[in-house]
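A quick write-up on the structure given underneath.
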Amino acid sequence: MLPSPFQFERPSTIADAVRAVGNSGDGMFYAGGTELLLALKMRVIRADRLIDIKGIPGLDCIVVNGVNEIEIGARCTHRKISGDPVIREHVPALASLCAEVANTRVRNVGTIGGNLCFGEPHADPPTMLAALNARLVLEGPRGTREIHADDFIRSEMETVRDPDELLRVIVFPRPAGPVTYRRFKHGERPSVNVAMAWSLNADGSMIRSARVRVGALGSRPQPLLAVEDALRNVAVAEARQAIETALSAALDQLEVNADRHGGADYKRHLAGVLLLRSADEAVTAGGSWLK
Amino acid sequence: MTQVLAISFSLNGKTIAVDVPAHMLLIDLIRDRLGLKGTKRSCDMEVCGACTVLLDGEPISSCTTLAVDVDRRDVTTIEGVTPPEGLSPIQQAFVLHGGLQCGFCTPGFIMAVTALLKTTPHPTEAEIRHYLDGNLCRCTGYTKIFEAVKSLAGWQDAA
């Protein structure tokens, strides 16, 4: 299959890229192309202009910033994130996630920003970034705005990003406790995934707060609020029990589609299994994140 | 009107300059324009690995890469790792261990294994499986492919 013809531009600044893409929807930003080119080839979307952002410097940096947050440039490939020393030290679960996205060829060119902007419900990173309480920084013709990862994906294949807003960087607080990610899959995309991030007290014995997100079940990652409530101010050793108490009611609150990945009840059950296994992992890891 | 861009890149060690439409895919440039038919199109959606080529030494899916994106870069295809006479050690190992039957997926596997052994000369079974997870073979059942790759551990050491 061949995409329909398009014009190709290679701006070297964010401002030029934003101007070049325009807001009519017929221009699109392009980086790895692992999602976009597939859709263009299948002719499920159409672009008159592709604006290649790979020549814009600074979009593929990973740093800990001055206020103890981790910044990941949107153009970072999954491969880069999986091997990055900052990510491996502070968020090893994200490094592992990126080492398992799709296959080695996709990881070599596919970017985390492209993954997020595509809004594919069966994707790995959005669930994890929502659990990490990430903010997505968009640069557009009217300046900069930040969107919480929870609010970024509106529905299947649809985000709140305007066509002429470029996702520049993803920012999240350096984790203050164990972070886990688990998924179940048949093919390359997750059928169900669960990400959890705990903030522990100073000696690592108590959970101050927890963020739990379940992805791929509905149109976007969803919080398990009852589980988060049950984990607040609970001893790490009692976390599994606390989750079990709240789990059934919390799972019933989820929006779950039946699709080719499985029926709704089956996938809801899988989410619970993945969460309890994650809890065991987090309890084991509990104190070890304290250095 | 179709936009045409001039690109220049290294293909199997030889510099090539061509004009390509902006929307041309790398696999079509390699197979149809440049006549190298070893790279295979199969799933056409980055899942099967039959179209694998190396871009600056790393495996990519040529079916879902724009030709303009290899400008000033280094592309290696199966023809680039095959000696003028006989077979490369990796190809020979696939033959010795029965790591192929119909052979359609084999160029993609050879390219992926080439990249794997370059960075990981002594891969574990788990590393081999993880790296080749995205290359599909419908003949061998994979066991013989894994045996072929395991037999190659450290073959570059003596070289």
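Bear in mind these aren't lab numbers, they're just calculated from the coordinates by the rules spelled out. Source: prediction; values computed, not measured. Here Cβ is always computed from backbone atoms with ideal geometry, including for glycine, and neighbour counts include all displayed protein chains.
Between A:Thr284 and B:Arg73, the modelled label-to-label distance comes to 3.8 nm, taking each label 7 Å out from Cα in the direction of the beta carbon.
Taken residue by residue and averaged, Cβ atoms of other chains lying within 10 Å of the Cβ of A:106-119 number 2.
Ordering A:Asn193, A:Pro175, B:Ile110 by Cα displacement along the dipole of the protein assembly as shown toward the positive end leaves B:Ile110 in first place; charges were set at the Cβ atoms of Lys, Arg (+1) and Asp, Glu (-1). Report note on the peptides B:68-80, A:161-173, B:32-44, B:6-18: ranked by the mean count of other C-beta atoms within 10 Å, highest first, their order is A:161-173, B:68-80, B:32-44, B:6-18. So if R0 is 41 Å, what FRET efficiency would A:Asn233 and A:Arg88 give, r being the distance between their Cβ atoms, rounded to the nearest 0.05? FRET efficiency, A:Asn233 to A:Arg88: 0.85. Under 17 Å from a label point set 7 Å out along the Cα-to-Cβ vector of A:Glu158, the amide N atoms of segment A:191-218 belong to A:218. Distance between the pseudo-spin-label points of B:Arg33 and B:Asp56 (7 Å out from Cα toward the beta carbon): 2.1 nm. Legend: translational diffusion of the protein assembly as shown by Stokes-Einstein, Rh = Kirkwood radius over C-alpha pairs, 25 °C, 0.890 mPa s; D = 105 µm²/s.
Mind listing P(r) for segment A:179-284? All alpha-carbon pairs, 5 Å bins, whole percents. Reading the bins upward from 0: 2, 14, 26, 25, 16, 10, 5, 2, 0. A dipole drawn for segment A:1-99 from +1 and -1 charges on Cβ atoms has a positive end, and of A:Leu38, A:Val64, A:Pro11 the residue lying farthest that way is A:Leu38.
If each DSSP helix of 4+ residues adds -39,500 (n - 2.57) and the sum is divided by the residues in chain B, what number results at 222 nm, nearest 500 deg cm²/dmol? Mean residue ellipticity at 222 nm (helix-derived): -7000 deg cm²/dmol. When only alpha carbons are used to place a centre, segment A:212-248 and segment B:86-146 end up 42 Å from one another. Averaged over the residues of A:36-48, the number of partner chain Cβ atoms lying within 10 Å of the residue Cβ comes to 2.
Loop-located GluC sites (Glu not before Pro) in segment A:216-291 (DSSP state other than H, G, I, E, B) with a sparse environment of at most 13 neighbouring Cβ atoms within 10 Å: A:Glu255. At q = 0.28 Å⁻¹, what log₁₀ I(q)/I(0) does segment A:233-287 have when each alpha carbon counts as one equal point scatterer in the Debye sum? The Cα Debye sum returns log10 ratios of -1.08.
Along its first, second and third principal axes, ordered by size, segment A:56-169 spans 35, 34, 28 Å in Cα coordinates.
In chain B, the longest principal axis of the Cα atoms and the axis of helix B:106-119 are about 80 degrees apart. Computed from Cα atoms, the angle from the helix A:239-252 axis to the main principal axis of chain A rounds to 60 degrees.
About the centre of its Cα atoms, the protein assembly as shown shows a dipole size close to 440 debye [charges on the beta carbon of Lys, Arg (+1) and Asp, Glu (-1) only; nearest 20 debye].
When both segment A:56-111 and segment B:1-61 are represented by their alpha-carbon centers, they are found 27 Å apart.
Only aspartates and glutamates eight or more places from A:Lys41 in sequence, or on another chain, were considered; those with a Cα closer than 20 Å are A:Glu9, A:Asp26, A:Asp52, A:Glu120, A:Glu156, A:Glu158, A:Glu188, B:Asp28, B:Asp32, B:Asp44, B:Glu46, B:Asp69. On the beta carbon distance between A:Met42 and B:Phe104, with R0 = 22 Å, the FRET formula returns roughly 0.45. Neighbouring Cβ atoms from other chains, within 10 Å of the Cβ of residues in B:49-61, number 3 on average.
Mean residue ellipticity, 222 nm, helices only, chain A: the sum of -39500 (n - 2.57) across DSSP H runs of n ≥ 4, divided by residue count and rounded to 500, is -9500 deg cm²/dmol.
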